[in-house]
1. If a residue must be assigned to a loop (DSSP other than H, G, I, E, B) and of a type in the set (Gly, Ala, Ser), how many such residues does region 46-67 contain?
2. State which residue pairs qualify: first residue β-branched (Val, Ile, Thr) and inside region 72-97, second residue at pLDDT below 65 in any location, beta carbons under 9 Å apart, and separation of 6 or more residues or different chains.
3. Consider only pairs whose beta carbons are under 9 Å apart and that are at least six residues apart or on different chains; among these, list those whose first residue lies in region 40-62 and is not assigned by TED's automatic domain parsing to the domain that holds MET77 and whose second residue is crowded, with 16+ Cβ neighbours inside 10 Å and at pLDDT below 85.
4. Looking only at region 69-82, filter to residues that are at pLDDT below 90 and touching a Gly at 6+ places or on another chain (Cβ under 7 Å); which one of those is surrounded by the most Cβ atoms within 10 Å (Cβ to Cβ)?
5. Output yes when any residue across region 121-128 is modelled with pLDDT of 90 or more and among the basic types (Lys, Arg), and no when none is.
Amino acid sequence: MVDGSRRDGDLFEREIPRHFPGLKGTKGSGRIWGDGDLTGHGISFEAKDQKKVSLDAWWSQTRRQAMSYGQEPVLVMRRPPAQLEFGPAATDEILAVCHLSFLAALHDKIKVLENTITQIEARGDARQ
């Protein structure tokens, strides 16, 4: 983030799909991704890259946009090193905000996947 401008926000939005393959940009206000920024996998991501953090306003916007897609809201924001409480950092922090119930559901899905993998591996070992 250089100055929190719209251009910097657009550049930040381009970084997010690298972490989440399969996301699609949404149509909107002429921005690179548009309103709602990115959607996919039942999730609507809103990306913010500004010097001043406005969590309440950003979360309200994120929820509103996700509801219009019938998806789970996730706010992704970058915090510059100057705002970190624990001293200077070499890089910016990228944070995500979501409902706790959504995070718990992701945890449950991970556990199911781990159990399935363990069962498949055990069957493979039994066949040898």
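The values are calculated or read from the model by the stated rules, or taken from the named source; none is laboratory data. Just so you know, these numbers come straight off a predicted model, no measurement behind them. For neighbour counting, all protein chains shown are included, and Cβ atoms are generated from backbone atoms with ideal geometry for every residue, glycine included.
1. Qualifying residue count, region 46-67: 1.
2. Sorted first by the residue in region 72-97, then by its partner, the pairs are VAL76/ASP37; VAL76/LEU38; THR91/PRO81.
3. Listed by first residue and then by second, the contacts come to nothing, as the list is empty.
4. Top of the filtered list is GLN71.
5. No, the conditions are met nowhere in region 121-128.
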